[in-house]
1. Given the options V23, V35, V58, name the one that is under 24 Å from R73 (Cα atoms) and within 9 Å of the chain's Cα centre (by Cα).
2. Looking only at region 5-30, which residues are aliphatic (A, V, I, L, M), touching a residue at least 24 places away in the same chain (Cβ under 8 Å) and under 17 Å from G60 (Cβ atoms)?
3. Let me confirm something: among I5, I42, which residue is at pLDDT 90 or above, farther than 26 Å from S76 by Cα and of a type outside the set (F, W, Y)?
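The values are calculated or read from the model by the stated rules, or taken from the named source; none is laboratory data. Quick caveat, the model's predicted, so the values are computed rather than measured. With ideal geometry, Cβ positions are generated from the backbone for all residues, glycine too; neighbour counts draw on all protein chains shown.
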Amino acid sequence: MHWLIEFILFFILVVTALTALNVRNLLAAVVAMNVFSFMAAIIMVSLGAVDVAFVEAVAGAGVIGVYSVVAIRLTSRKSQD
């Protein structure tokens, strides 16, 4: 039964990665990558690497996601040449 949970988590991981690659909106891509990082952290917890999962959740899904959203919000959509 444990392998089924890991398979479902891995499937969600692949779907979020493909979504982040194919979406045209940058904010949606950042959200998809945050979900990807969080799913990676959950898979690491299921494999027993709790300390690595904690770092992935804090750095990958937390800090990097917030920085990416702020960077997208601070940029303009049109060039001012």
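1. Criteria check complete, one pass: V35.
2. L9, I12, L13, V30 - these are the residues of region 5-30 that are aliphatic (A, V, I, L, M), touching a residue at least 24 places away in the same chain (Cβ under 8 Å) and under 17 Å from G60 (Cβ atoms).
3. Criteria check complete, one pass: I42.
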